[in-house]
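Have a look at the structure below before the remarks.
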Amino acid sequence: MRADRIKGALYGCALGDSLGAITEFSTFQQIEEWFGSELSDYTGCGSFFEKGGILGTVTDDFGSCYYLMKKMLETGGRLDAEIAADIILEWSEDSYYFKFSGPTTKRTVEYIKSVRGGQKREEPGIKGNFAGQTTNGAAMKAVPLGILARGDMEEAVRLAVDMSTPTHYNSQAAAGACAISASVAAALRDDTSLEAIVEAGLYGARAGRRILFEKNRIAMGRNLEYCIRQAVEIGGQCHGYRELIRALDEKIGTGMDVTESVAAVYGILASTGQDCMGAIKAAVNAGGDTDSIACMAGGILGAWQGVQALPEAKIDFMLKQNPGIKIRRVVDAFTAMIAGAGTPQGCTIMP
């Protein structure tokens with residue numbers, strides 16, 4: 001597997017997250033007003049800074065991917081539901097990056113800690129058909145899982161289900177994670193195409209939903225596979241960037257629920273094609289959950305186009321703005337493990 005495409009996926013994910021953080025939960029009208037027409041580079045404004053964010057830093061999206069990769073380096077790539085819970089708990093100890101995590105993840109961290117501490121507590125959301133838990137918290141960290149799968153669609157789905165288990169173990173949220181993981185796995189194949197990447201996402205959404213239905217973890221909501229198909233049709237009919245932005249806002253949606261945010265990723269792909277930075281820019285300026293959508297879209301297209309499709313200056317700035325975590329070191333080691341250069345089991349990334 002080519003190292004440049006693995007790094008493209010990971011840095012595409014990080015750039016999408018750190019740029020999208022600036023506009024997160026703003027409307028596209030607000031973004032146009034604040035930035036003159038669009039945001040295309042690192043500049044200060046928006047709600048991110050009100051939450052204590054620093055320009056150029058990643059948030060919970062790539063932050064969770066980072067801790068996932070660190071743990072995979074320790075286990076030699078082995079992942080199951082128990083290891084997934086360990087990853088969430090280790091990430092939760094990072095006071096800067098975990099503060100951006102969503103409500104579903106925060107509730108579940110407290111639940112895991114209490115259960116491991118010997119207390120009996122009811123699992124969050126179990127009585128309400130997982131209302132409010134069909135968000136993209138598992139999908140946003142699925143890019144490294146697609147890389148771990150090494151082109152195997154079934155393995156991409158299995159890994160995504162395991163990673164969803166601690167925090168987003170329901171048919172909707174897990175389907176979103178499986179879709180993104182499968183698309184990244186497909187994007188890394190030498191013989192891939194946009195159609196193959198989208199088809200992989202549809203397969204992942206369908207398989208994830210089926211697996212969780214079989215486990216009786218059924219959440220309310222529209223079928224994600226249908227939402228992706230609809231988004232692809234809408235995105236494919238858009239003529240130009242401005243029309244895509246309006247379609248994302250008015251027809252597809254850019255909220256945290258997977259039926260909007262994950263579907264929006266595929267609408268963007270259908271419109272921008274191979275243009276990785278064009279896809280990130282569209283996600284960043286569409287409003288809503290911009291950092292998650294840009295993170296997922298950047299990861300998929302980065303896997304397809306390679307790190308050369310990403311501006312080196314932006315990567316360097318992002319790395320400089322995140323001194324508290326060793327992004328380059330972890331990305332290099334994770335890439336070596338997957339690409340075949342080898343990272344021995346038990347490898348620990350030291351500060």
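Summary table
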quantity	calculated
Residue within segment 211-221 that is surrounded by 24 or more Cβ atoms within 10 Å (Cβ to Cβ), modelled with pLDDT of 95 or more and of a type outside the set (A, V, I, L, M) present	no
Extreme residue, modelled with the highest pLDDT, among residues of segment 12-44 that are out of contact with any Gly (no Cβ under 6 Å at 6 or more places or on another chain) and among the aromatic types (F, W, Y)	F25
Residue tally, condition surrounded by fewer than 24 Cβ atoms within 10 Å (Cβ to Cβ) and either in contact with an Asp or Glu (Cβ under 9 Å, 6 or more places away or on another chain) or of a type in the set (S, T, Y) (or both), over segment 262-280	2
Test for A200: is it in a helix (DSSP H, G or I) and crowded, with 20+ Cβ neighbours inside 10 Å	yes
Leading residue by the ranking (farthest from Q133 (Cα to Cα)) among those in segment 277-292 that are within 16 Å of the chain's Cα centre (by Cα) and assigned to a loop (DSSP other than H, G, I, E, B)	G288
Some residue of segment 315-322 being more than 19 Å from the chain's Cα centre (by Cα), in a loop (DSSP other than H, G, I, E, B) and under 25 Å from A131 (Cβ atoms)	no
Residue among C227, C295, C238 that alone is among the hydrophobic types (A, V, I, L, M, F, W, C) and in a loop (DSSP other than H, G, I, E, B)	C238
Failed condition for G8, given (1) of a type in the set (G, A, S); (2) under 30 Å from T335 (Cβ atoms); (3) at pLDDT below 95	(3)
Contacts under 8 angstrom Cβ, first residue in segment 2-15 being touching a residue at least 24 places away in the same chain (Cβ under 8 Å) and buried (at least 24 other Cβ atoms within 10 Å of the Cβ), partner outside any helix (DSSP H, G or I) and among the hydrophobic types (A, V, I, L, M, F, W, C), 6 or more apart	R5/L188; I6/L188; G8/L310; A9/L188; Y11/L310; G12/L310; A14/V58; L15/L310
Count of residues meeting criterion [touching a residue at least 60 places away in the same chain (Cβ under 8 Å) and in a helix (DSSP H, G or I)] in segment 249-276	10
Hits in segment 293-329 (condition: in contact with a Lys or Arg (Cβ under 6 Å, 6 or more places away or on another chain) and closer than 22 Å to L188 by Cβ)	A303, G306, V307
Test: residue in segment 222-241 that is surrounded by 19 or more Cβ atoms within 10 Å (Cβ to Cβ), touching a helix residue (DSSP H, G or I) at 6+ places or on another chain (Cβ under 8 Å) and at pLDDT below 95	no
Helices (runs of 4 or more DSSP H) completely within segment 89-190 that count 2 or more residues being of a type outside the set (F, W, Y) and within 25 Å of Y226 (Cα to Cα)	143-148, 153-164, 171-187
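The values are calculated or read from the model by the stated rules, or taken from the named source; none is laboratory data. Just so you know, these numbers come straight off a predicted model, no measurement behind them. Note that we place each Cβ from the backbone using ideal geometry, even for glycine, and neighbour counts take in every protein chain shown.
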